[in-house]
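The values are calculated or read from the model by the stated rules, or taken from the named source; none is laboratory data. Values in this document were obtained by computation on a predicted structure and should not be read as measured data. Note that we place each Cβ from the backbone using ideal geometry, even for glycine, and neighbour counts take in every protein chain shown. Keep in mind that these areas ignore ligands, DNA and RNA; they rest on the heavy atoms of the full protein, side chains included. Shrake-Rupley method; radii C 1.70, N 1.55, O 1.52, S 1.80 Å.
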Amino acid sequence: MLIYLPIAEVSVNAFLLLGLGGLVGILSGMFGVGGGFLMTPLLFFIGIPPAVAVATEANQIVASSFSGVLAHFKRKTVDLKMGGVLLVGGLVGAALGVQLFNALRAIGQVDLLVKLSYVVFLGIIGALMFVESLNAIAKSRKASGPPPRRHHRGWIHALPFKTRFRTSGLYLSVIPPLLVGVAVGVLAAIMGVGGGFIMVPAMIYILGMPTKVVVGTSLFQIIFVTAFSTLLHATTNFTVDMVLAVLLLVGGVVGAQVGARIGVYLKAEQLRILLAIMVLAVCGKLAFDLLVQPAELFSIGMAGSH
């Protein structure tokens with residue numbers, strides 16, 4: 001059942017898109033990730049132009065993040081003040097990222113930028129996750145000792161412009177959260193991801209936030225930054241394909257419920273190492289496609305992409 005995507009300007013099997021949405025939804029339910037960093041490369045593989053894949057995938061992230069943050073609001077595990085600081089940085093980063101995206105799209109290099117960004121980030125994250133998972137499995141087989149303590153004191157506490165974040169129980173400078181927000185905003189604009197896979201570790205290990213408020217605060221920031229990024233892409237690049245977005249959303253909602261049930265039967269270490277292997281496999285496929293000469297050296301691009 002082929003369906004024409006008007007913005008992507010390609011015809012794709014609707015069931016394939018529903019299946020991809022469902023697959024990433026399953027991963028989201030199993031591993032607790034947004035899935036944008038896997039969905040966008042998968043869209044590349046089925047022929048969706050990177051510019052359209054990046055801009056459209058953000059819609060799915062907004063919807064899933066909004067659903068998740070409601071649950072965290074009920075548990076009172078959202079630090080609104082920290083989320084506001086991260087949001088300011090994220091909006092600035094998203095605006096900068098879209099400007100860079102537009103400049104490279106004008107000279108025909110945006111596809112290369114997006115794919116290289118994914119190869120670098122997926123390679124680093126997948127390798128770190130794989131090593132950490134192996135260490136966790138090895139430690140779980142030994143006698144368990146007291147959990148390692150996080151060090152809250154460091155160079156961050158010497159920075160100026162300190163303020164108190166009561167929900168997180170922190171008193172620190174607003175500069176580090178702003179910089180984290182900017183970095184995540186740039187990634188959201190260029191890679192079509194929420195950035196949670198970078199923000200969550202940064203909030204725990206750099207800012208020293210309690211784990212219980214990290215996920216909710218991260219989702220709160222992601223909603224607005226990805227929505228802002230999508231709006232900029234839609235109004236400046238015209239690369240948001242709503243037909244594609246709806247199909248991915250439907251598949252993702254169903255898949256997330258299935259994934260949550262599957263995840264109950266696997267250990268945390270097993271889940272993390274499976275996700276790491278999957279991330280490294282996608283990274284390898286993207287790198288292979290960049291290095292190997294394509295079957296067709298010339299193709300007709302979208303208007304304005306040269």
message: Restricting to region 4-16, name every residue that is outside any loop (DSSP other than H, G, I, E, B) and open to solvent by 50 Å² or more (accessible area, probe 1.4 Å).
response: TYR4, SER11, ASN13, PHE15, LEU16
task: Among residues belonging to region 136-156 that are open to solvent by 80 Å² or more (accessible area, probe 1.4 Å) and assigned to a helix (DSSP H, G or I), point out the one that is modelled with the lowest pLDDT.
output: TRP155
- line: Residue set GLY284, GLY304; condition at pLDDT below 80, over 18 Å from LEU17 (Cβ atoms) and either β-branched (Val, Ile, Thr) or open to solvent by less than 80 Å² (accessible area, probe 1.4 Å) (or both); output residue GLY304
query: So which of VAL240, VAL225, VAL246, VAL213 is under 30 Å from ALA95 (Cα atoms), hydrophobic (A, V, I, L, M, F, W, C), in contact with a Leu (Cβ under 7 Å, 6 or more places away or on another chain) and at pLDDT 75 or above?
result: VAL225
- request: Specify the residue that is most open to solvent (accessible area, probe 1.4 Å); the eligible residues are those in region 157-169 that are in contact (Cβ under 8 Å) with a residue 60 or more places away in the chain and more than 15 Å from SER218 (Cβ to Cβ).
  value: ARG166
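For residues that are over 24 Å from VAL54 (Cα atoms) and either out of contact with any Asp or Glu (no Cβ under 9 Å at 6 or more places or on another chain) or at pLDDT below 75 (or both), tally how many sit in region 178-209.
Residues of region 178-209 over 24 Å from VAL54 (Cα atoms): 203-209.
Narrowing the set further to residues that are either out of contact with any Asp or Glu (no Cβ under 9 Å at 6 or more places or on another chain) or at pLDDT below 75 (or both) leaves 203-208.
Matching residues across region 178-209 total 6.
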statement: Note on region 237-249: residues surrounded by fewer than 20 Cβ atoms within 10 Å (Cβ to Cβ) and more than 12 Å from ASN59 (Cα to Cα) are PHE238
message: So PHE73 ticks every box in (1) assigned to a helix (DSSP H, G or I); (2) at pLDDT below 75 but one. Which box is left unticked?
response: (2)
- prompt: In the set GLY68, GLY25, GLY19, which member is touching a helix residue (DSSP H, G or I) at 6+ places or on another chain (Cβ under 9 Å), modelled with pLDDT under 80, more than 30 Å from PHE165 (Cα to Cα) and assigned to a helix (DSSP H, G or I)?
  reply: GLY25
Residues satisfying the stated conditions in region 224-236, i.e. open to solvent by 10 Å² or more (accessible area, probe 1.4 Å), under 14 Å from GLY192 (Cα atoms) and not aromatic (Phe, Trp, Tyr): ALA227, THR230, LEU231, LEU232, ALA234
